[in-house]
Every structure is written in structure tokens, then in C-alpha cells.
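These notes are about the structure you will find just below.
The values are calculated or read from the model by the stated rules, or taken from the named source; none is laboratory data. None of the values given here were measured: they were computed from a predicted structure. A quick note on method: Cβ atoms are made from the backbone with ideal geometry, for glycine too, and the neighbour counts reach across all protein chains shown. Side chains included, ligands, DNA and RNA excluded: accessible areas come from the protein's heavy atoms. Shrake-Rupley method; radii C 1.70, N 1.55, O 1.52, S 1.80 Å.
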Amino acid sequence: MEQKIVLPQEIRDLMTEHRHYLHAHPELSFQEENTAEYIKKNLKSCGIPFTQIEGYHSVIGRLKGGRPGKTVAIRADIDALPMQEQNDVEYRSTVPNVMHACGHDAHTAVLLGLARLLSEDRDKISGEILFLFQHGEEKLPGGAVTLVEQGVLDGVDAVLGAHVFAPIPLGTVCYNEEALTASADVFEIILSGKGGHAAQPHLCSDVLLAGTTLVQQLQSVVSRDVDPLASAVLSVCEFQSGTNFNIIPDRCKLGGTVRTLDEGARAAVEKRIRTITAALAGAQDLRFEIQYEKGYPVMNCDPRRVEKAVQAIRSMTDYTVAKMKPSMGGEDFAYYTQKAPGVFFFVGGGNPEKGIISAHHSPSFNIDEQAISVMAEVLLAAYYSVVSEA
């Protein structure tokens, strides 16, 4: 039986301290300048050399062990969200309308704790560890694609990541050995025509009516144009038109998102959005514009690596490990899994007994901070599953 992972109490306390500081000082995507400085200061104190991606705030720490071996990358995202925190905690955000409402502060705290822990035994480490503190996960095009393009993952044998997840109870770790998160695309459609007086609709081309019709027609795309065995979501989440009760508007804007677990379904949905919009606009003599932005791809983990990591977690911790259905949420870690064998886990962070039940991206989001140690031990077990291979 393998030895159980037990984090030293000073590392647990350090990670909590990191999380409180980061939570109190959040920064938006692509604006993480002070967060990057905090990370660099702590890596320097660990004696870990680092580089920063030019033009961005991602920081890459490199810890070379005293023995030859594999190169393993471990990633944490560092950005926050544009929302006002409602939690009444001593470490609440000090920045108006900016908040760590998704757990990235915890992810960064975990990776800083692991950097400290592993740096103290660097002579016993085989190979090299890359600590990827990544900018911009919450905003397209995401920071991961930049790191891949800059060659950060070149020569990496495995890339590891995890996300604290409030819907999962504390002490539970979830995985899927293949597709774990969906592709996440964004679309915006603008219809324009002739506006006028509400009392003379016959002299106008009613873009508001056309827009509502388009919303209804788009709802049929998934049910009628996608293979029933392929998962897909099309959600219209934005509709803007009109300025007054007696004015027929000349412009209507609607937008939303498309999520799929299959590239064929992804292409089919985009094609139908374009076809339906063009047909509707043509029938009603309207002009139209479509902006369709490809977001993060499907995250496909490496089945063999995931199996090894799950075995290690079950052997080296006492946590509950369970397979989960793919999430239709998006995660730019998917770009890493296209480059290197990837392993990713969702780590339970909710605790109803403590009232920790708020959803991600809500102003009252929080986590049970014991999840920080759980995540650290899960990532350590996954790391050992890679470096222990011959």
C-alpha cells in the first residue's frame, strides 16, 4: 500500500493565507499585474526561477529536480470576475466590482503551496516541474492558448489541473477519462431595417418582431439539427431592441452561447445559425450581421493518465473519487490537453452545513477552505502517478 499524503500544517496555513490575500485583491482577466507580482515574490522566496509571458501576466515557475525524469506541468488560473462581492468575511474583496467568484484564488493558493512544499525537497525530485500561473481564463480567447503558442508545453510529459467546484461536496473528487468540459462558442446577431411610428407599422420593417421570431427558430436547432446522441446547448441570453413605447425600432441585437461535446455538432449548430438568420432576414428584407467566435474547445483528458491518477488518489488519500458526466461549461485548460496528455479534476468545495451553497459566478460564492488542502493532495497524487512510471 502506498504511503498516504499528509500535508504539513504550515503548508495548509500558508495556502489559506495566500487565498485570503488573493481573494482580497482580485484582478480582472488580462489585468492581473499585481497578482503576477505576488506570485513572482513567492516563487523567488522558494528559490524557484520563473519567467513571465511577454505582454501578459502569466508566470511560469520551473523547478528542476536532482534526478533525471519526466517534465510535469501543473496549472492554476489567476483571474477574477467583474462583480461586487456580497460575502461578509474578513478577506472580502477590497476592489469595487471585482471578485474571485469562481475559485481561482484557491487554485493559485494551492499551486503556491505546492511550489513551497516541493522546492524543499528538490534534490529528491525526478525531472522538472512547471508551475503554470495562467492569466485570463475567464475571458476569450483565454490565456492557455497563448502559453501553448509560446511553447511553454513543449516537451511536457503530462499537464495537470483541477477546479474547486461548489456543487460537489467537500471530500469528493470527480473526473471523466475523456471529454470533461464542452466547447464554448459565442455569437451575436444584429438585424437592421426601417423603423418608424408605432401607429404606422405597414411603413416599417419590424426588426423587433423578426428578432423574437429568430429566437424561437434558434430553439429548434438542437432538437432538429443535431444528432440526438450528441450533446449540444444553444442559449440565447441577450436581446436588445427599442427605445420607447411608440417607436418601432430599426435595430435588434441578440446574442448567446453554443456548447457542444462533439466537433461535428459544433459545426452543424454554427451552420444552422447562419442559415436560419440569412433566410429570415431575406424573407423580411432586413440587413443582418453575424459574429460567431469560436471559444474554448472540448477538453479531452488522456484516459491512461486519468486512470493512473485516479488509482493514485484512491491509494494515497481517503477522498471519495467518482466519475462524473461531462460538464457543458467551458475551460481553456482544453488547449493544454491538445498539446500534452492532460489530467483534470473537479474538487468538491461546497458544504451546506456551513451555508456554503452559492453557485459559481454569483456575488455570494465561497468555498469550504478545507478544499484547498484536498486539491493540493489530489494534484500531488496525480503528479506522483506520472513520475513513478518507469
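A few points about this structure:
- Residue within the stretch 265-284 that is at pLDDT 95 or above, polar (S, T, N, Q) and surrounded by 20 or more Cβ atoms within 10 Å (Cβ to Cβ) present: yes
- THR257 being farther than 30 Å from LYS323 by Cα and either open to solvent by 80 Å² or more (accessible area, probe 1.4 Å) or of a type in the set (S, T, N, Q) (or both): no
- Residues in the stretch 166-178 that are open to solvent by 20 Å² or more (accessible area, probe 1.4 Å), among the aliphatic types (A, V, I, L, M) and modelled with pLDDT under 95: there are none.
- For the stretch 221-261, the set of residues classified as in a helix (DSSP H, G or I) and either closer than 18 Å to SER183 by Cα or within 26 Å of the chain's Cα centre (by Cα) (or both) consists of VAL221, VAL222, ASP225, listed by residue number.
- Unmet requirement for ALA184, which otherwise passes all of (1) surrounded by fewer than 24 Cβ atoms within 10 Å (Cβ to Cβ); (2) within 30 Å of ILE273 (Cα to Cα): (1)
- Filtered residue count, the stretch 117-160, keeping only those that are in contact with a Ser or Thr (Cβ under 8 Å, 6 or more places away or on another chain) and either among the hydroxyl-bearing types (Ser, Thr, Tyr) or in a helix (DSSP H, G or I) (or both): 2
- ARG259 being touching a Ser or Thr at 6+ places or on another chain (Cβ under 6 Å) and either closer than 27 Å to PRO141 by Cβ or at pLDDT 95 or above (or both): no
- Flag for LYS194 being surrounded by fewer than 24 Cβ atoms within 10 Å (Cβ to Cβ), of a type in the set (Lys, Arg) and under 30 Å from ILE290 (Cα atoms): yes
- Residue list for the stretch 39-70, filter: in a strand (DSSP E or B), open to solvent by 10 Å² or more (accessible area, probe 1.4 Å) and under 17 Å from PHE133 (Cβ atoms): PHE50, THR51, GLN52, ARG62
A quick yes/no check of all residues on (1) modelled with pLDDT of 95 or more; (2) open to solvent by 50 Å² or more (accessible area, probe 1.4 Å):
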position	(1), (2)
ASP206	no, yes
LEU214	yes, no
VAL226	no, no
SER231	no, yes
SER235	yes, no
PHE245	yes, yes
LYS253	yes, no
